[in-house]
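A.B. asks: Before I ask anything, here is the structure I am working with.
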Amino acid sequence: MGAGEKKKILIVDDVETNRILLKKIVEEMDYQPVLTENGQQALMILERIPVNLIILDVAMPVMDGYECCQRVRENPKYRDLPIVFVSAFDEPKDIVRGFELGGTDYVTKPFIPEVVKARVGNLMNLEENKEVLVEMNRKLNASVFEQRAQIEKERKAVLQALNRVARENAAYDSKLMERLSYNCRILAEAMELSPIYGGVVSEHFVDTIEQASVLCDLGNVAVPTEVLQKKGPLTQEERAMMQRHTEIGAKILTDIAEDGGYNDVMKMAIDVARCHHENWDGNGYPGKCAGDDIPLAAQMVAVISDFCAITERRSYREAIEKEQALEILQKNSGVRYNPQIVDIMTKISRQLR
């Protein structure tokens with residue numbers, strides 16, 4: 001894309017009034033709309049015109065949105081291209097199918113223009129941030145030691161900025177990540193001295209989890225704020241959106257790592273981002289891993305992040321006292337958490353913040 005050239009959004013809808021409305025929304029966001037009427041035409045356009053995002057209707061002649069999305073994802077070139085379904089199909093099974101076929105987001109019709117802008121804006125900002133981070137890592141590999149050190153510092157700053165956005169989206173307390181990092185280190189130090197984990201948890205592991213743990217919820221940058229901050233129960237669609245933060249966070253970190261940023265912190269951060277909502281009994285997400293199939297760092301962050309969340313004041317409740325929080329964790333020992341880790345954490349609980 002040349003200097004000054006606007007990013008392109010492909011709008012695929014067989015209804016002209018919808019195309020016109022979506023075209024206006026995209027233009028108001030200062031992106032260039034590319035319009036077409038069905039999935040087959042969309043695939044032909046992709047061969048000629050590079051686009052940055054697709055807004056895709058489901059019910060269309062010739063080729064519907066589901067088949068189009070599946071065909072797009074079959075091409076490795078478009079593996080990460082954001083696809084937003086905009087559809088009158090609002091049944092949970094339709095929404096879940098859209099995500100299963102590779103959709104990034106799903107907006108039901110009749111849609112509110114402001115909602116479309118918010119969803120598209122979040123995804124475009126996420127892609128732009130990823131591009132910045134990947135470019136930073138490219139420069140890191142090509143630079144001399146002094147330049148590499150400076151870029152590494154900047155890369156951390158961008159990650160911290162993204163992490164701050166993720167935290168603010170979820171309305172977490174500003175000190176939560178600091179507590180999470182500190183408490184993970186305390187737990188890791190205790191595990192290093194234990195007969196069970198002494199041969200696994202080293203001093204290097206302790207230093208690594210202290211840094212990696214704070215990136216566990218990075219994927220929240222792509223989850224709508226109204227879902228993260230909702231006080232009532234989530235719908236099935238909202239729960240699917242929320243749960244995707246694990247895979248989105250891991251994907252962002254993997255993209256950075258593959259461009260030259262692979263180190264022990266990034267490797268552990270990817271495991272933690274993807275697996276910290278896996279449960280010991282296998283009923284977590286996204287992969288329903290169980291027991292020691294869950295990376296050890298993710299097992300530890302699962303316990304500590306829940307402890308920090310429980311003992312933090314939220315808009316809908318007061319902070320829960322440490323003793324009561326420990327009782328809650330112990331009740332979920334062997335279900336949500338590794339029982340041995342809960343036992344060790346309980347023994348050193350006085351040191352936790």
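A.B. asks: Is it the case that some residue within the range 279-297 is within 20 Å of V134 (Cα to Cα) and among the polar types (S, T, N, Q)? First the steps, then the outcome.
C.D. replies: Step one: filter the range 279-297 for residues within 20 Å of V134 (Cα to Cα), giving none.
No, the conditions are met nowhere in the range 279-297.
A.B. asks: If you don't mind, there's one more thing I want to ask. Only one residue in D30, D57, D64 is under 19 Å from V120 (Cβ atoms) and open to solvent by 20 Å² or more (accessible area, probe 1.4 Å), so which one is that?
C.D. replies: Working: D57 fails: open to solvent by 20 Å² or more (accessible area, probe 1.4 Å); D64 fails: under 19 Å from V120 (Cβ atoms).
Just one listed residue meets the conditions, D30.
A.B. asks: Of all the residues that make up the range 18-42, how many are over 27 Å from the mean Cα position of the chain (by Cα) and outside any helix (DSSP H, G or I)?
C.D. replies: The qualifying residues number 5.
A.B. asks: Please name all residue pairs, on different chains or six or more residues apart, with Cβ atoms under 6 Å, provided the first residue is in the range 315-338 and is open to solvent by 60 Å² or more (accessible area, probe 1.4 Å) and the second residue is assigned to a loop (DSSP other than H, G, I, E, B) and among the acidic types (D, E).
C.D. replies: That search, which allows pairs on different chains as well, returns V335/D281.
A.B. asks: Of the residues A149, A257, which single one is modelled with pLDDT under 90 and open to solvent by less than 40 Å² (accessible area, probe 1.4 Å)? Step through it out loud before you land on a result.
C.D. replies: Working: A149 fails: open to solvent by less than 40 Å² (accessible area, probe 1.4 Å).
Selected residue: A257, the only one of A149, A257 that is modelled with pLDDT under 90 and open to solvent by less than 40 Å² (accessible area, probe 1.4 Å).
A.B. asks: Could you say which residue among A325, A319, A302 is in a helix (DSSP H, G or I) and more than 23 Å from V201 (Cα to Cα)? If you could, list the steps in order and put the result at the bottom.
C.D. replies: Details: A319 fails: in a helix (DSSP H, G or I); A302 fails: more than 23 Å from V201 (Cα to Cα).
It is A325.
A.B. asks: Would it be correct to say that I45 is outside any loop (DSSP other than H, G, I, E, B), touching a residue at least 40 places away in the same chain (Cβ under 8 Å) and among the aliphatic types (A, V, I, L, M)? Quick ask: steps written out before the conclusion?
C.D. replies: Values: outside any loop (DSSP other than H, G, I, E, B): yes; touching a residue at least 40 places away in the same chain (Cβ under 8 Å): no; among the aliphatic types (A, V, I, L, M): yes.
Against the criterion (outside any loop (DSSP other than H, G, I, E, B), touching a residue at least 40 places away in the same chain (Cβ under 8 Å) and among the aliphatic types (A, V, I, L, M)), I45 does not qualify.
A.B. asks: A further question on this structure: Filter the range 67-84 for residues that are touching a residue at least 40 places away in the same chain (Cβ under 8 Å) and open to solvent by 30 Å² or more (accessible area, probe 1.4 Å) and give the result.
C.D. replies: Taking the range 67-84 and keeping what is touching a residue at least 40 places away in the same chain (Cβ under 8 Å), we get 68, 80, 82.
D80 - this is the single residue of the range 67-84 that is touching a residue at least 40 places away in the same chain (Cβ under 8 Å) and open to solvent by 30 Å² or more (accessible area, probe 1.4 Å).
A.B. asks: Next question, about the same structure. Is it true that P50 is open to solvent by less than 70 Å² (accessible area, probe 1.4 Å) and farther than 24 Å from R97 by Cβ?
C.D. replies: Numbers: open to solvent by less than 70 Å² (accessible area, probe 1.4 Å): no; farther than 24 Å from R97 by Cβ: yes.
Judged against the criteria, P50 is not a match.
A.B. asks: With respect to the numbered conditions (1) farther than 18 Å from V115 by Cα; (2) open to solvent by 90 Å² or more (accessible area, probe 1.4 Å), which one is the sole condition not fulfilled by I45?
C.D. replies: Here I45 meets the rest and fails (2).
A.B. asks: Being among the charged types (D, E, K, R) and free of Cβ contacts under 8 Å to residues at least 24 places away in the same chain is the filter here; which residues of the range 205-233 pass it?
C.D. replies: Step one: of the range 205-233, the residues among the charged types (D, E, K, R) are 207, 210, 217, 226, 230-231.
Across the range 205-233, the qualifying residues are D207, E226, K230.
A.B. asks: Is it true that A297 is open to solvent by less than 30 Å² (accessible area, probe 1.4 Å) and at pLDDT below 95?
C.D. replies: Working: open to solvent by less than 30 Å² (accessible area, probe 1.4 Å): yes; at pLDDT below 95: no.
Criteria not met by A297.
The values are calculated or read from the model by the stated rules, or taken from the named source; none is laboratory data. Given the structure is predicted, the values throughout are model-derived calculations rather than measurements. Cβ coordinates were reconstructed from backbone atoms using ideal geometry, including for glycine residues, and neighbour counts include every protein chain displayed. Keep in mind that these areas ignore ligands, DNA and RNA; they rest on the heavy atoms of the full protein, side chains included. Shrake-Rupley method; radii C 1.70, N 1.55, O 1.52, S 1.80 Å.
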